[in-house]
Amino acid sequence: QVQLVESGGGLVQPGGSLRLSCAASGTDFRINVMGWYRQAPGKARDLVAVITTGGSSTYGDSVKGRFTISRDNAKNTVYLQMNSLKPEDTAVYYCKANRILASDLWGKGTLVTVSS
């Protein structure tokens, strides 16, 4: 079973930057859209950004202009460059991969804390 492995979370000051990575542990040709969601304490899991194999991306309103999603299709890896981070960006960030004719994959999450 292919798994998603996230990395890159941590503590950063307001205004700082972080880069998250999410890699599939093996080859799965059914993977289609990949992306990031986040969940803050006591809140629902929300869309951050998603990207298709063709490179089309969609962003949540709160991160537009600050975050950039990209992917390497050959490696089934997706990245999230986060700039101008705010305290309200603090959350557990989850990677997700949609698969054609198969169940979605979720990573275990990586914590991002924005605090001075």
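For the chain, with only Lys/Arg (+1) and Asp/Glu (-1) charged at the beta-carbon, what is the dipole magnitude about the Cα centre, in debye rounded to 20?
For the chain, the charge dipole is close to 40 debye.
Considering only P41, P14, P87, give the residue with the highest GNM mean-square fluctuation for the chain, with springs between Cα atoms whenever their separation is below 10 Å.
P41
Between region 51-78 and region 5-41, what's the alpha-carbon centroid distance in Å?
10 Å
DSSP loop trypsin sites (Lys or Arg not before Pro) in region 43-116 with at most 12 other Cβ atoms within 10 Å of their Cβ, which ones?
Filter output for region 43-116: K43, K64, K108.
Among the lysines, select those whose C-alpha is under 23 Å from the C-alpha of K75, and discard any that sit fewer than 8 residues away in the same chain.
Partners within reach: K96, K108.
For R71, list long-range residues whose amide hydrogen, built 1.01 Å from N in the peptide plane, is under 5 Å from its own amide hydrogen.
Residues meeting the amide H criterion: Y79.
Each value in this text was obtained by applying a stated rule to the coordinates, not by laboratory testing. Because the structure is predicted, anything quoted here is derived from the model rather than measured. Neighbour counts run over all protein chains shown; Cβ positions are idealised from the backbone, glycine included.
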